[in-house]
Structure formats: C-alpha cells, structure tokens
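What follows is a set of notes on a single structure, which appears directly below.
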Amino acid sequence: MTRPITLTLTRPDDWHVHLRDGIVLQDVVPHTAAQFARAIVMPNLKPPVVTIAMAAAYRERIIAAIPATMRFEPLMTLYLTDNTSPDEIRRAVDSGFVHGVKLYPAGATTNSDAGVTDIQRCMRTLEAMQDTGLPLLIHGEVTEHSVDIFDREAVFIDRILQPLRKSLPALRVVFEHITTKDAADYVRDAEGDMAATITAHHLMYNRNAIFQGGIRPHYYCLPVLKREPHRQALVAAAISGNPRFFLGTDSAPHPKGLKEHACGCAGCYTALHAMELYAEVFEQAAALDKLEGFASFFGADFYRLPRNTTQGTLQQHEWVIPSELTLGDTALVPLDAGRILRWKFSG
Ligand code: DOR
Ligand code: ZN
C-alpha cells in the first residue's frame with residue numbers, strides 16, 4: 001500500500017480576509033485561525049473602520065473570538081475615506097497593529113459607500129503613507145456604470161493606478177485580488193514597491209462558473225470572475241515564484257439568504273478550506289513546490305513582518321466540503337459546497 005503524500009510547509013498567512021463583526025466572529029474567526037497564522041483583516045464594516053481607536057476595538061473583538069487552542073494574529077487595516085487625515089496615518093504607523101490602509105473606490109463593492117470619491121482628495125494622506133511606508137491596499141475597479149463590469153479592473157489601471165503611482169512613486173501598493181492578465185502583467189512589470197494578492201476562486205474558475213446550467217450566486221464576487229485566458233494568467237503569476245504575488249483569500253461571508261437572492265451579495269467563502277483549494281490549483285499546475293513561497297513567505301516579506309516559524313501540513317486525504325456552515329443565527333454556504341477535496345490542511 002502506498003502511503004498518502006504529506007507536504008510540510010511554513011505556516012501560511014492570509015493577506016486579505018473579511019471577518020465581519022458581532023456574533024458571526026465566533027463562526028468565521030476559527031476557520032481562518034485554523035489555517036493561517038496571521039491575516040490582513042478588511043475594514044469594510046458598517047460603520048467602516050476609519051480610526052485607530054475603531055481598529056483597536058475591532059482587533060480586541062476578533063481576539064476574543066479566537067479559540068483557546070489556536071494561535072492567530074489579526075493584522076488590522078484602516079478604511080480610507082475622502083477625510084482620512086495624515087495624522088491618522090502617523091497614528092496607524094505608531095500603533096504597531098495597523099498594517100495597511102484600504103482604498104475602496106466609493107460604490108465599488110460591499111460597504112464601500114464611504115470609500116474614496118476622488119483620489120485627488122486623498123493626496124496629502126497618501127503622501128504620509130509614502131513617507132512612512134504604510135502600504136495602500138487597493139480594490140482596483142472603476143465604478144462608472146458606463147464601463148463594462150468585466151473591464152473595470154483594466155480601466156482602473158490606466159485611469160487611476162498608473163497616474164497615482166507616477167505622482168507617488170515610492171508609495172507601497174498591494175493591488176488586491178487581481179482578476180485579469182492586465183493586472184498580473186502590470187504588477188510583474190511595475191517599478192517600485194508593488195505587489196498583488198490572488199484568491200483561490202480566481203485561480204480556479206472563469207466566468208462560466210457563474211452561469212453553469214443556471215445562475216450560481218456562490219460564484220459571484222467582486223471583482224467578478226473573468227475569461228479563461230485571465231484565469232490562466234493568474235495561475236501563471238501565482239506559480240511563477242515572483243515574490244510580488246502572494247496569497248489573499250478575500251474570503252467574504254454572507255448569509256445564505258442574501259447570496260441566494262434576487263440581488264445577491266458579492267463574495268465567496270473560502271476560509272474553511274483555503275489551503276486545500278490553493279493546493280489543488282498548484283498541484284494541477286505541477287507547481288506544488290511553489291506553494292510555500294506564495295502562501296507563507298512573500299506576503300510577510302512585502303509587509304516587512306517576520307516569516308512564521310511554525311509549520312502546517314497538507315495531507316492527501318479526501319473530504320467533502322460541507323453544504324452549509326453556521327453564521328450567527330443563519331447559514332453560510334462555502335465555495336464548492338458538496339465537492340470532494342483532495343487535500344486536508346492542518347495549520
Ligand atoms: O466579493 C467581494 N466581497 N468583494 C469585495 O470586494 C468585498 C467582499 C465583501 O466584503 O463581501
Ligand atoms: Zn475583499
């Protein structure tokens with residue numbers, strides 16, 4: 001009998017996750033903490049996390065939801081608005097627990113209404129970020145309804161990102177959850193301190209997944225899944241060994257009833273089984289040896305944090321993704337519910 005293959009790797013981190021707030025923290029934090037040593041926690045709460053005091057209080061609520069048996073460090077972010085002051089940036093740097101500032105163009109996605117209406121209004125604040133080295137984490141889509149939803153990332157690069165990086169060339173930028181070849185090429189070739197996170201779902205699926213045999217709301221996220229050549233470009237970037245590309249799940253829990261809805265929310269829930277999903281992608285690309293850099297090294301290096309020193313294991317072991325999980329007083333459907341996975345990760 002052949003023994004199942006086990007891969008040992010440095011414990012990974014998730015450089016982009018949504019944990020939400022309130023009672024659901026108890027349901028979602030253990031999933032992320034079981035897989036990842038640290039995670040960059042998105043600030044798009046209602047109301048958004050716009051001050052250091054709010055980030056500190058949110059951090060405490062997350063820490064209270066970590067099971068006693070697990071070790072996990074939430075890395076906090078601030079939500080950039082037209083009114084975020086340069087002083088708030090200095091306080092963020094001094095805090096030691098805020099590791100980035102998130103730019104949501106107003107209206108781009110879930111709870112982005114308070115986001116930036118015009119980047120020009122933020123220039124003094126962005127200059128303070130450039131001066132202090134605090135990374136800007138960008139949801140890179142234009143919001144104009146006249147721009148086709150499948151083109152909004154590529155148009156963002158031309159209209160917003162390139163001019164911004166020309167004005168502030170030393171600003172450290174993470175282009176979050178990239179979905180196009182345009183973005184992968186831009187990040188690969190850009191000058192300066194530039195990186196990107198890539199989700200498991202954008203590596204696994206193209207836009208057909210949303211429409212396969214009927215409308216499938218659990219495959220709807222923002223930025224929306226793109227055509228197959230884009231997916232292939234993302235896989236190529238993820239397995240390239242280029243340290244500019246690293247893991248960020250963008251796991252985003254929404255109640256089942258709000259996903260399976262006439263106007264369903266954007267977001268895929270992958271926190272439960274993220275490493276298993278990434279492992280399948282890397283295995284299929286014959287690049288399992290590149291997974292550790294992508295999942296465990298490059299993000300920490302970009303954020304100027306130490307690499308983790310403990311380990312996790314991926315074992316070849318089949319298990320079924322549950323059809324539903326608990327989310328407070330309602331249900332949560334994980335991505336690919338009911339499918340058999342080939343790997344089991346223990347962090
Ligand atoms: O699909 C998404 N869901 N994309 C985002 O940018 C936000 C996220 C959420 O918060 O639900
Ligand atoms: Zn996100």
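The values are calculated or read from the model by the stated rules, or taken from the named source; none is laboratory data. Model, not experiment: these values are computed from the prediction. When we count neighbours, we look across all protein chains shown, and the Cβ atoms used for this are built from the backbone with ideal geometry, even at glycine. These accessible areas exclude ligands, DNA and RNA; they are computed on the full protein's heavy atoms, side chains included. Shrake-Rupley method; radii C 1.70, N 1.55, O 1.52, S 1.80 Å.
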Quiz item: Can you list the residues, at least 5 places off or on another chain, whose amide H is less than 5 Å from the amide H of His16, using H built in the peptide plane?
Solution: Ile40, Thr249, Asp250
Exercise. Compute the length gained on full extension between Asp185 and Thr51: take 0.36 nm times their separation in residues and subtract their Cα-Cα distance, giving the result in nm to one decimal.
Key: 44.8 nm
Quiz item: For region 102-191, which whole percent of the accessible surface, found with a 1.4 angstrom probe, sits on carbon and sulfur atoms?
Solution: 45 percent
Quiz item: Shape of region 68-107 from its Cα gyration tensor (a ≥ b ≥ c, root eigenvalues): rounded if a/c is under 1.5, otherwise prolate when a/b > b/c, or oblate?
Solution: oblate
Self-check item: Among Tyr303, Tyr278, Tyr269: highest mean-square fluctuation, GNM of the chain, C-alpha pairs under 10 Å
Solution: Tyr303
Practice problem: Express in nm, to one decimal, how much length is gained between Ala106 and Gln284 on full extension, taking 0.36 nm for each residue of separation and deducting their alpha carbon distance. | Solution: 60.3 nm
Quiz item: Met204: accessible area at probe 1.4 Å, nearest 10 Å²?
Solution: 40 Å²
Quiz item: Over the chain, what is the relative contact order in whole percent, taking alpha-carbon pairs under 8 Å and six or more residues apart?
Solution: 20 percent
Exercise. Estimate the FRET efficiency between His317 and Asn208 by the formula 1/(1 + (r/R0)^6), using the beta-carbon distance for r and 30 Å for R0, to the nearest 0.05.
Key: 0.55
Quiz item: Taking the Cα centre of the chain as the origin and placing charges on Cβ (Lys, Arg +1; Asp, Glu -1), which of Leu247, His18, Ile215 is farthest toward the positive end of the dipole?
Solution: Leu247
Quiz item: What do you reckon, how do Arg152, Arg3, Arg124, Arg216 stack up by accessible area (1.4 Å probe), largest on top?
Solution: Arg3, Arg124, Arg216, Arg152
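Antiparallel as a % of all DSSP beta bridges within the chain, to the nearest 5?
35 percent
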Quiz item: Quick one: ranking Ser346, Ser95, Ser296 by accessible area, 1.4 Å probe, largest first, what do you get?
Solution: Ser346, Ser95, Ser296
Quiz item: Using a 1.4 angstrom probe with every protein chain in place, what is the largest-first accessible-area order of Phe150, Phe294?
Solution: Phe150, Phe294
Practice problem: Calculate, for Thr69 and Phe150, the FRET efficiency according to 1/(1 + (r/R0)^6) with r their C-beta to C-beta distance and R0 45 Å; round to the nearest 0.05. | Solution: 0.55
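Does the chain classify as rounded, prolate or oblate by the C-alpha gyration tensor (a ≥ b ≥ c root eigenvalues; a/c under 1.5 gives rounded; else a/b over b/c gives prolate, otherwise oblate)? The partial results should precede the final answer.
Values: a/c = 1.33, a/b = 1.28, b/c = 1.04.
Because its axes are fairly even, with a/c under 1.5, the chain counts as rounded.
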Self-check item: About the Cα centre, charge dipole magnitude for the chain (Lys/Arg +1, Asp/Glu -1 at Cβ), debye
Solution: 420 debye
Quiz item: What is the distance, in nm, between label points placed 7 Å from the Cα along the Cα-to-Cβ direction at Met123 and at Leu258?
Solution: 3.7 nm
Quiz item: Given the Cα-Cα distance of Asp21 and Arg3 and 0.36 nm per residue of separation, how much length would full extension add, in nm?
Solution: 2.3 nm
Exercise. Go ahead and set up a Gaussian network model of the chain, Cα springs under 10 Å, then flag whichever of Thr69, Thr330, Thr32 fluctuates most.
Key: Thr69
Practice problem: Run the 1.4 Å probe and let me know the accessible area of Tyr219, rounded to the nearest 10 Å². | Solution: 40 Å²
Quiz item: Taking H as built 1.01 Å from N, whose amide H comes closer than 5 Å to the amide H of Gln311, not counting residues under 5 places away?
Solution: Arg11
Exercise. Work out the count of Lys pairs in the chain where the Cα-Cα distance is under 27 Å, with the pair 8 or more places apart or on different chains.
Key: 17
